[in-house]
Amino acid sequence: MCGLVGYVGERPALPIVLEGLRRMEYRGYDSAGVAVIVDGKLQWAKKKGRLEVLEAELQTVDWPSGVGIGHSRWASHGEPSDINAHPHSDCNGHFMIVHNGIIENFRELRAELEAKGHRFSSQTDTEVVPHLVEELYAGNLEQAFLGAVKRLRGAFALILVSDLHPDRVLAYRQSSPLVVGLGDNGNFVASDIPALLPYTREVYLLEDGELAVVTAHEVRVMADGKEVEKEVFHVDWDPLAAEKGGYEHFMLKEIHEQPQAVLATAAAYLNENSVNLAELGLTEQAARSMQKLTIVACGTSYHAGLVGKYVIEDLARLPVEVDIASEFRYRKPVLKEGDIVLVISQSGETADTLAALREAKRLGARVWAITNVLGSSVAREADAVLPTFAGPEIAVASTKAYTTQLVVLTLIAIHLAQLRGTASNEELAALVAAVHNLPALLEEPLQQQDRLQQLAKTLTTHEDIFFIGRGLDFAGSLEAALKLKEISYIHAEALAAGELKHGTLALITQGTPVVCLLTQSQLREKMESSIEEVAARGGEIFLFDTMGDGELERLANWRLPLSPVHPVLGPVLAIIPLQMLAYFVALERGCDVDKPRNLAKSVTIE
Ligand code: M6R
């Protein structure tokens, strides 16, 4: 969603604000804008398009001031345009606001304000806020801002600057993330930590209902009219981890980081021969009395949940329901006091997932969370948190978060199986050993870049590509298809191979590309039959398998043999060349790989 940034201090604000926006462009990139107080007056610039367009516009300005805010937008209300770009202002240009989220009651507020004579210029929901502040302002900026916020319904993070109070920026959080960065001779506000990394590692994580009053030498946080004592959160990321590090795109870098990310995640929970998930606080008795586990997530994290279902049901003999978070909340889920809900979210800020988490808690469930962002809303609100150690994931297309989520899910399955006594020690020890060996194995597909690049050239002109697999490979196919479609804009559809003949086979004709995944040896024969069915209709077979023999050669038009791996970990290995394939197809088609159209990294609106 949108990226927000604010600075007040002794350094010129404009370069800091622009750099912050550059580091958060993955949150939204259809327009950008800034406002800076220069010689006691608010100046602003906003442009449709990428940040570069705004930067070009700003090249000739001389704005030395130390107070400014900025915004990169993912349009929700009103098309991307110069006028709809943020910041938005009141009638007289004294109050400027940047906003992330949705103000649900903006229509009624706008009508009310227009009736009082306020003139609006944009189609956005945001513009009601500066007009509300203008309406309520009687000399005290904090009071007017809080009064305005009280009138809003929805989810929002807001940053306000005013030339009537040029020493401060105000920030307010309601269900959309905001962090305050604590610097020397200057302080910051942003919607995400990467914006702050060049300047500080010490932050306050704002909670819902908190107002931050930020000046050059002081940050005060208020809630319910009282000052709040905030704890400083130390960000221990390597700042270079949020840079491209010589790669052309974040996505390629993040694909290559997977062996290391998987190693770090496994190491956090694995001893030599055993799994340590004490954080879950599960006793043998509690594990044995569990009736089901509900997994809730969106997008790639949902696909990880689907893999988790197969693995947990197989090893721990525990029924697992996997729900799309946006469905879960509105379908009256059947949960009782003490049931366990596992939410999965790379960002920890996805609004649908957060809403599902809250609904689960409201129904009395205990919530476990797998997230990549410590300090995120999901991490803070869950009862138990199992972090993935993938490091910052910047590309919109999720890669290393997915593979590390699969590792944590595998370890949860082992832990549950141990406590419930549903798998033998030998079986579990073999899987633990396989997890230890996994990082080395993941290096292999990364060496296949040239072959995958060649394959990408042949797929690039197609408009429909199918992905099939069985069991865990069906779940893996769903993720592979999502990767391809979101960054290359080729229609990609994944299905359980056995389902082909129930309808979709009608679409397979001469030359239709069908990507086949085969990492589950017990399903090999069944999968071979499905592949034969496709071949008989002239479909072109692109096979990714871990079967370790040459016999499948005759079935495929193109084949990438992968090293044999424990079947539970097959999806972790197989997704890597498929992520690379999606990447190279997108490159061939001239797509903006890291910032696909219409999408944003962290979806903080419902
Ligand atoms: O941060 P989350 O894991 O909660 O995000 C969920 C989805 O928005 C995300 O996985 C999305 O589907 C990615 N763009 C997929 O690559």
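If you check Ala45 against the conditions, is it without any contact (Cβ under 8 Å) to a residue 60 or more places away in the chain, surrounded by 15 or more Cβ atoms within 10 Å (Cβ to Cβ), part of a strand (DSSP E or B) and among the aliphatic types (A, V, I, L, M)? Criteria met by Ala45. Exactly one residue out of Glu112, Glu57, Glu108, Glu79 is within 31 Å of the chain's Cα centre (by Cα) and over 19 Å from Arg597 (Cβ atoms), and it is Glu57. Residues in segment 563-590 that are in a loop (DSSP other than H, G, I, E, B) and either open to solvent by less than 20 Å² (accessible area, probe 1.4 Å) or among the small types (Gly, Ala, Ser) (or both) were compared, and the one that is farthest from the ligand (Cβ to nearest atom) is Ser563.
For Thr519, the conditions (1) farther than 26 Å from Leu406 by Cα; (2) β-branched (Val, Ile, Thr); (3) in contact with a helix residue (DSSP H, G or I) (Cβ under 7 Å, 6 or more places away or on another chain) all hold with the exception of (1). For Lys501, the conditions (1) more than 21 Å from His303 (Cβ to Cβ); (2) crowded, with 24+ Cβ neighbours inside 10 Å are fulfilled apart from (2).
Per-residue answers, yes or no, for (1) part of a strand (DSSP E or B); (2) open to solvent by less than 10 Å² (accessible area, probe 1.4 Å):
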| position | (1), (2) |
| --- | --- |
| Gly6 | yes, yes |
| Arg11 | no, no |
| Val17 | no, yes |
| Arg22 | no, no |
| Gly33 | yes, yes |
| Glu52 | no, no |
| Trp63 | no, no |
| Gly70 | yes, yes |
| Gly78 | no, no |
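Tallying residues that are within 16 Å of the ligand (Cβ to nearest atom) and not in a loop (DSSP other than H, G, I, E, B) within segment 441-490 yields 15. Candidates Leu211, Leu196, Leu252: the one that is at pLDDT 95 or above, hydrophobic (A, V, I, L, M, F, W, C) and more than 19 Å from Val396 (Cα to Cα) is Leu211. Only one of the numbered conditions (1) closer than 14 Å to Leu416 by Cα; (2) open to solvent by less than 50 Å² (accessible area, probe 1.4 Å) is violated by Asn276, and that is (2). Inspect segment 217-233 for any residue being acidic (Asp, Glu) and either under 19 Å from Ala35 (Cβ atoms) or open to solvent by less than 10 Å² (accessible area, probe 1.4 Å) (or both) and give the result as yes or no. The answer is no; no qualifying residue exists. Remark: Ile394 falls outside the filter, which requires a residue to be on the phi < 0 side of the Ramachandran plot and without any contact (Cβ under 8 Å) to a residue 60 or more places away in the chain.
The values are calculated or read from the model by the stated rules, or taken from the named source; none is laboratory data. The structure displayed is predicted, hence computed values, not measured ones. Positions of Cβ are generated from backbone atoms using ideal geometry, with glycine treated the same way; all protein chains shown enter the neighbour counts. Side chains included, ligands, DNA and RNA excluded: accessible areas come from the protein's heavy atoms. Shrake-Rupley method; radii C 1.70, N 1.55, O 1.52, S 1.80 Å.
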